[in-house]
Every structure is written in structure tokens, then in C-alpha cells.
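Each remark here refers to the structure printed beneath this line.
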Amino acid sequence: GAGVSQSPRYKVAKRGQDVALRCDPISGHVSLFWYQQALGQGPEFLTYFQNEAQLDKSGLPSDRFFAERPEGSVSTLKIQRTQQEDSAVYLCASSPSSSGGAGRNIQYFGAGTRLSVL
Amino acid sequence: DAKTTQPTSMDCAEGRAANLPCNHSTISGNEYVYWYRQIHSQGPQYIIHGLKNNETNEMASLIITEDRKSSTLILPHATLRDTAVYYCIVSLSGGSNYKLTFGKGTLLTVNP
């Protein structure tokens, strides 16, 4: 079946510009995650949604970063007034599980959006 | 979550078994061991996980030592398509266990 889809795959923004990154999770997946991956590093957690509720946004680097999932399916990560340090790959992942145990750590990732801020 | 230590890189000949080690000496009793891999320009891909017992699926085998302080991911017959960064992650069960904490992983290069 269809996996996690992210768009655009590549985004070039001028410093100060606002950007919006889209994630279409696997249909029916309750949990949705955003991660940021800098060059040469592993992904780092940004935020977590369970259905439409944002339960954890502790990883968002600043108040310029905002994520939403209004209907519990598609999610958008918005970055306002982009800075050069925001350049990274932004990964979205989804999981069918909403409960504890090992389930929510089995996550299905999209290919990511590579953001370059000039 | 417990910290993991992995070699920076490894090489393996195509068709041979690839054995990727991971140390997690501070693992606690309710923490699982997860393995993901990331092929170039793709998102991470879940491979396998375990708590205490050895596990096997269609992709790989996971061997966890009896004291749980280390584990080994085994790809039984490596192919060129297995070239990737492999991440070993230790995570609590329950509560806020949804955060995957990736380190730098091991770059496995499978050579023809």
C-alpha cells in the first residue's frame, strides 16, 4: 500500500521567508511524528500528534516552528521567518499504534523534505 | 533512554553475513532495543526490535546478550542494496516511549 508521502521533496527558501511542509501519513495511522535531520546526523524528534491532538512539541527549536494536524490525517509543519540554521531534512513518520509498549516506536517514515535556506 | 554506542562504519562483502554490534550497557529492564536503517536520500526504515529474547524476521535477526548490555543485528546475506546507515535505538516501553532517539549509527557498506 501507499507509504508516508511528503511534499515538496526539495524546498529552497530565502532567509526570512515562511515555508510549509506537508505530510500525508499512512491511512488510518493514529500517531504522527516530525523529525529534523541535519547533515551527517541522525534524525531528532520535533513533535508528536495523536489523531488531531498535539501531545508533545518539546523538540520544536523555536516559536518560529509550528505544526498542525487539524483533521487527524494530513499534517503541516510551518516554519516562519526561516533562518540558515533551519536548513535540514524534515522527516515525517506515522504509526498505527497510540498506546504504550513497543508499538509507537515502530514508525514508518517518509522520504523527507530537504529545506535549504539561502 | 539508555545511550547506545555503535561503530562509525563497517564493510561487508556481498553475499556474506553482516554483523552490526551495539552496546547499551545502561539499558533498563523495560527498555526495548530497536534497529532502523536509512538508505541514502530516504527516510529511516524499521528493521526489527526486541526486549530479551532473540528475534528474527524476513529482514534480519537480532541477538541480545543475556545481560542485555549489548546486541547484534545480523543481515544473513548482505546485498548491495543493504548499504545504509544502521541505527540502534533503546527506548522505554509505555509513557513517552514514542520518541526515537537516533545517534549517528553505523554506515554499512556492502562491497561487490
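Taking the criterion of being part of a loop (DSSP other than H, G, I, E, B) and either at the interface with chain B (Cβ under 8 Å from one of its Cβ atoms) or open to solvent by less than 10 Å² (accessible area, probe 1.4 Å) (or both), the residues of the range A:21-52 that qualify are A:GLY40, A:GLN41, A:GLY42, A:PRO43.
Could you go through the range A:69-79 and let me know if any residue there is within 17 Å of A:VAL19 (Cα to Cα), in contact (Cβ under 8 Å) with a residue 24 or more places away in the chain, assigned to a loop (DSSP other than H, G, I, E, B) and at the interface with chain B (Cβ under 8 Å from one of its Cβ atoms). Checked the range A:69-79: no residue is within 17 Å of A:VAL19 (Cα to Cα), in contact (Cβ under 8 Å) with a residue 24 or more places away in the chain, assigned to a loop (DSSP other than H, G, I, E, B) and at the interface with chain B (Cβ under 8 Å from one of its Cβ atoms).
Checking each residue in the range A:17-44 for being hydrophobic (A, V, I, L, M, F, W, C) and modelled with pLDDT of 95 or more picks out A:VAL19, A:ALA20, A:LEU21, A:CYS23, A:ILE26, A:LEU32, A:PHE33, A:TRP34, A:ALA38. Listed conditions (1) more than 27 Å from B:CYS88 (Cα to Cα); (2) within 12 Å of the chain's Cα centre (by Cα); (3) open to solvent by 50 Å² or more (accessible area, probe 1.4 Å) are all met by A:SER75, apart from (3). Of everything in the range B:43-64 that is part of a loop (DSSP other than H, G, I, E, B) and over 21 Å from B:LYS99 (Cβ atoms), the residue that is nearest to the chain's Cα centre (by Cα) is B:ALA60. The residue list B:GLY43, B:GLY15, B:GLY50 contains one member that is at pLDDT below 95 and either open to solvent by less than 70 Å² (accessible area, probe 1.4 Å) or hydroxyl-bearing (Ser, Thr, Tyr) (or both), which is B:GLY50. Scanning the range A:36-46 for residues that are touching a residue at least 24 places away in the same chain (Cβ under 8 Å) and within 12 Å of A:ALA93 (Cα to Cα) gives A:GLN36, A:PRO43, A:LEU46.
Check B:SER70, B:SER61, B:SER25 and return the single one that is modelled with pLDDT under 95, of a type in the set (Ser, Thr, Tyr) and farther than 27 Å from A:SER5 by Cβ. Of B:SER70, B:SER61, B:SER25, the one residue that is modelled with pLDDT under 95, of a type in the set (Ser, Thr, Tyr) and farther than 27 Å from A:SER5 by Cβ is B:SER25. Just to verify a result, which residue in the range B:1-42, among those that are assigned to a strand (DSSP E or B) and among the polar types (S, T, N, Q), is nearest to the other protein chains (Cβ to nearest Cβ)? The extreme case among them is B:GLN38. The one condition from (1) over 27 Å from B:ILE47 (Cβ atoms); (2) touching an Asp or Glu at 6+ places or on another chain (Cβ under 8 Å) that A:GLY16 does not meet is (2).
The values are calculated or read from the model by the stated rules, or taken from the named source; none is laboratory data. Small disclaimer: the values here were computed from a predicted structure and weren't measured. With ideal geometry, Cβ positions are generated from the backbone for all residues, glycine too; neighbour counts draw on all protein chains shown. Ligands, DNA and RNA are excluded from the accessible area calculation, which covers all protein heavy atoms including side chains. Shrake-Rupley method; radii C 1.70, N 1.55, O 1.52, S 1.80 Å.
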